[in-house]
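Working notes, beginning with the structure itself.
The values are calculated or read from the model by the stated rules, or taken from the named source; none is laboratory data. Small disclaimer: the values here were computed from a predicted structure and weren't measured. Methodologically, a virtual Cβ is constructed for each residue, glycine included, from the backbone with ideal geometry; neighbour enumeration extends over all protein chains shown. Only protein heavy atoms, including side chains, enter the accessible area calculation; ligands, DNA and RNA are left aside. Shrake-Rupley method; radii C 1.70, N 1.55, O 1.52, S 1.80 Å.
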Amino acid sequence: MKLTPAFYEALINEVRQVAREEIMPRFRNLETTQIDSKTTPDDLVTIADKRSEERLTEAIGRLLPGAAVVGEEAVSDDPSRLSLIEREDICVIVDPVDGTWNYANGLATFGVIIAVTYKGESVFGLLYDPVLDDWICAEKGTGSRFETGAGQTRKISSLEGPGLLTGMVPLYLLSPDQRQAVSERLSEFNRLNSLRCSCHEYRLVSQGRIGFCLAANLKPWDHAAGALIVEEAGGAAQLITGERYRPTMSEGMLLTAASPQMMEDALSRLRPALQV
């Protein structure tokens, strides 16, 4: 199977099935032995993350033989796998449970993120919500759409929002100096939040529900799909320093915004605070 609408449909169906069988049965039902930490005590991984990634990796190998798969948990075990995004023509990037801290603590703000890249560029993105069985997806050049398991589908636009300077800023991931500087400029924003879940933050930006989203690191499983979906919905995505974002990047901060004007407004306030 090639990178066709039929493949993307089959991939979404696999994500939905894995979510039904591996993620949702364990939600608010995890034993302490099924939760572990990685880099820090609050950087969590659960049995649902591991089992979902294993099954999605197997499914991708069956649907798209020869494609490279870069999963968050596989990279945690072997960081060299990250280079596959740049080395291989076709790569599928998998975040099996995005927002694991929320998931492990019983908060229903988590999702599955899938991105497909061709020669290092995102060509498909999926932001799936297992709780309500709906998703936002985009194929490059075709716009973004909202779909449900019940068969509903509609085009979405990030330009239809209220245009408020409201956004997501992960203060806990910034340096102490950057946190202080952003805090001193809070009065310049309508509201700043953080969901600890890239999947739902990008869903909000792509529908114009919030104005912007700042990412303090460039893990591709968090951002490759969301940046594409926001752009296809009419928004903008770039590094704080001005470079165009690509999934192969590993350094810098990514800003996505519901419109080009919102990008300018957010940058004018965030750049001085972040000292870039």
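Counting only residues that are in contact with a strand residue (DSSP E or B) (Cβ under 9 Å, 6 or more places away or on another chain), closer than 23 Å to residue 3 by Cα and not aliphatic (A, V, I, L, M), region 61-82 holds 5 of them. Within region 114-145, the set of residues being among the hydrophobic types (A, V, I, L, M, F, W, C) and touching a residue at least 60 places away in the same chain (Cβ under 8 Å) comprises 114, 115, 116, 123, 124, 126, 127, 131, 135, 136, 137, 138.
Checking each residue of region 102-122 against the condition of being under 23 Å from residue 196 (Cβ atoms), open to solvent by 10 Å² or more (accessible area, probe 1.4 Å), in contact with a helix residue (DSSP H, G or I) (Cβ under 6 Å, 6 or more places away or on another chain) and not in a strand (DSSP E or B) gives at least one match.
When residue 86 is tested against (1) outside any strand (DSSP E or B); (2) buried (at least 22 other Cβ atoms within 10 Å of the Cβ), just one condition goes unmet, and that condition is (2). Does residue 195 satisfy the condition of being within 19 Å of the chain's Cα centre (by Cα), in a strand (DSSP E or B) and either in contact (Cβ under 8 Å) with a residue 12 or more places away in the chain or surrounded by 19 or more Cβ atoms within 10 Å (Cβ to Cβ) (or both)? Criteria not met by residue 195.
Scanning region 1-45 for residues that are β-branched (Val, Ile, Thr) and open to solvent by less than 30 Å² (accessible area, probe 1.4 Å) yields 12, 15, 18, 23, 45. Note on region 150-169: residues that are in contact with a strand residue (DSSP E or B) (Cβ under 7 Å, 6 or more places away or on another chain) and either open to solvent by less than 10 Å² (accessible area, probe 1.4 Å) or assigned to a loop (DSSP other than H, G, I, E, B) (or both) amount to 3.
Of the strands (runs of 3 or more DSSP E) entirely within region 5-73, those holding at least 2 residues that are closer than 18 Å to residue 127 by Cβ occupy 68-71. Among residues that are open to solvent by less than 30 Å² (accessible area, probe 1.4 Å) and either part of a strand (DSSP E or B) or among the hydrophobic types (A, V, I, L, M, F, W, C) (or both), residue 208 is not included.
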